[in-house]
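The values are calculated or read from the model by the stated rules, or taken from the named source; none is laboratory data. Note that the structure is a prediction, hence the values are computed from the model and not measured. Note: ideal-geometry Cβ built from the backbone for every residue, glycine included; neighbour counts use all protein chains shown.
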Amino acid sequence: MARFRVMSYDLNHQRSRSGELCAQLCGQMIRQQGVDLVLLQRVGSPQGETSLQRLAERVGLAAYGSDSEGSCAYLSRYPLHNLQTTPLGHDDVCVRADFDTASERVHLLNLTLNWHPSKRLKQVARLLGEELLGGRSFPCATIIGGDFGLPLWGCGQVAFNPQIVRAKHPLWRANYPAKFPLWGRERIYFQGPVTAISGRIITSKEAKSTLIQLPLVVDVETCDTRKALRITEQVRLNAKHPKPVCG
């Protein structure tokens, strides 16, 4: 069993609602939350000042993933490996990674989804297909996070798969728009032996006045699925001498 803190955060290219660079604010919010793992969306920007490596240096975590414009990436206190990028279509991607705790492996999926209903349906079908969540290569605890857009049309929902459960914390999960949150665009789902024990939306005055959507922070706990075998104490019995057989 392991516990760690996860953040999902759409950087919007590290720009504010007014289009100005807010790279220092982005780094400050990540650093203040004391997170172990950050799932970042829409990372890159035409300006080099918003590079992933610069952000990692600001928060004291290691960077994993592409720095290209609009990409998904990770910041992590743990070494990540097996990074793979899978296109979901319509300029959206899913970036997979793995990390190992002291006793187990955890799979990570970081993604963005389209708002358009027909495009979204195809993307979710790809996400749930054999190449990703539907495959046998995900036997361990899996965390799925990212910007899921605004699924107001009731279609293309990841939660239609009964094996995937949305994090139950925080209770009020709206993070968009930042100034007056009504919808939960930033989401975290779980598959397998993992759950949320607490969570919150970052609603500081500075974040609500500057950002387009607010970051989501969840404290996660994995569950040990190993079963212990109970060994009963052996009782020694005295050997009996067989009765002689006459005849």
Selection over the range 128-145 where residues are farther than 25 Å from GLY199 by Cα and crowded, with 16+ Cβ neighbours inside 10 Å yields a count of 2
Only unsatisfied item for PRO117, checking (1) more than 18 Å from THR222 (Cα to Cα); (2) surrounded by 20 or more Cβ atoms within 10 Å (Cβ to Cβ), is (2)
Note on the range 62-79: residues surrounded by fewer than 21 Cβ atoms within 10 Å (Cβ to Cβ) and hydrophobic (A, V, I, L, M, F, W, C) are ALA62
The lone condition ALA2 fails out of (1) among the aliphatic types (A, V, I, L, M); (2) over 24 Å from ILE197 (Cα atoms); (3) modelled with pLDDT under 95; (4) in contact with a strand residue (DSSP E or B) (Cβ under 7 Å, 6 or more places away or on another chain) is (2)
For the range 21-35 the number of residues that are assigned to a helix (DSSP H, G or I) and either charged (D, E, K, R) or buried (at least 18 other Cβ atoms within 10 Å of the Cβ) (or both) is 6
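Of all residues in the range 121-130 being of a type outside the set (A, V, I, L, M) and out of contact with any strand residue (DSSP E or B) (no Cβ under 9 Å at 6 or more places or on another chain), which is nearest to GLY145 (Cα to Cα)?
My answer is GLY129.
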Within the range 123-166, residues being out of contact with any helix residue (DSSP H, G or I) (no Cβ under 9 Å at 6 or more places or on another chain), over 25 Å from THR101 (Cβ atoms) and either among the β-branched types (Val, Ile, Thr) or at pLDDT 80 or above (or both) number 7
Residues of the range 168-197 being surrounded by 14 or more Cβ atoms within 10 Å (Cβ to Cβ) and part of a strand (DSSP E or B), in sequence order, are TYR176, TRP183, GLU186, ARG187, ILE188, TYR189, PHE190, GLN191, VAL194, THR195, ALA196
SER18 vs. criteria on the phi < 0 side of the Ramachandran plot and either modelled with pLDDT under 85 or assigned to a helix (DSSP H, G or I) (or both): yes
